[in-house]
Amino acid sequence: MRIIERMAYCACLLGSAVFSVAAINGASEDVELRVKAAYLLNFARFVEWPGTSAEASEPVVIAVLGHDLIGAALETTVHGKTVRGRPIKIKRYASLEQIDRCDILFIPRSEAKRSRPVLGDLSGRPILTVGETDGFLEQGGVVEFQLIDETLRFSINVAPADRAGLKISSELLRVAYSITGKHK
């Protein structure tokens, strides 16, 4: 990806970071879901997975654990888009046992009780785990959505990302609200 394109994506990511929860709550839950879906798409653009250059025809898989409304928002958000020339596919998993291959796994608030065992099982696998419950990073997740000063933000734990062989771009790290873990 050319530097200008990366800068444009970064600007879009920064722009989406200022969505006010008041505006989100005032409009509808649908807006919040679309904002999170846009973040998930942009995360795919700013993370490198091990061995992806050899699998250029394989889709980027964004998965959702459980039954959450974000799945429909993701389908709409990624429709017709690609990441580094790779198509994007949305998967839904009802259980940990079903998780086979995905690049990003979103664990919604409705699955908070299952997040610790899921994160433990996926530890070290090249999967960017994203959650929205307090303490997600401490449980071993990589990205946690947070409401801070009525604004949707995200924080990053680089330690599990490093163990999984994920390379998070400096552009993404710069727009994170906070970064934990040992940063290289």
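The values are calculated or read from the model by the stated rules, or taken from the named source; none is laboratory data. Remember, it's a predicted structure, so these values are computed and weren't measured experimentally. We place every Cβ from the backbone using ideal geometry, glycine too, and count neighbours over all the protein chains shown. For accessibility, only protein heavy atoms count, side chains too; no ligands or nucleic acids. Shrake-Rupley method; radii C 1.70, N 1.55, O 1.52, S 1.80 Å.
Looking at the stretch 121-130, is at least one residue assigned to a helix (DSSP H, G or I) and closer than 16 Å to Gly71 by Cβ? No, the stretch 121-130 has no match at all.
The residue pairs whose first member lies in the stretch 29-40 and is among the aliphatic types (A, V, I, L, M), whose second member is open to solvent by 30 Å² or more (accessible area, probe 1.4 Å), and whose beta carbons are closer than 6 Å, counting only pairs six or more residues apart or on different chains, are Leu33/Leu69; Val35/Phe19. Set side by side, the residues Gly165, Gly135 differ, and just one is part of a loop (DSSP other than H, G, I, E, B), in contact with a Pro (Cβ under 7 Å, 6 or more places away or on another chain) and either in contact (Cβ under 8 Å) with a residue 12 or more places away in the chain or not hydrophobic (A, V, I, L, M, F, W, C) (or both), which is Gly165.
So which of Asp103, Asp121 ends up being at pLDDT 95 or above, touching a helix residue (DSSP H, G or I) at 6+ places or on another chain (Cβ under 7 Å) and more than 17 Å from Ile179 (Cβ to Cβ)?
Values: Asp121 fails: at pLDDT 95 or above.
None of the others qualify; the one that does is Asp103.
For Ser53, the conditions (1) modelled with pLDDT of 85 or more; (2) loosely packed, with under 13 Cβ neighbours inside 10 Å; (3) polar (S, T, N, Q) all hold with the exception of (1).
If the condition is being open to solvent by less than 50 Å² (accessible area, probe 1.4 Å) and either farther than 28 Å from Ser57 by Cβ or in a loop (DSSP other than H, G, I, E, B) (or both), then the stretch 97-106 contributes Ile99, Cys102, Asp103.
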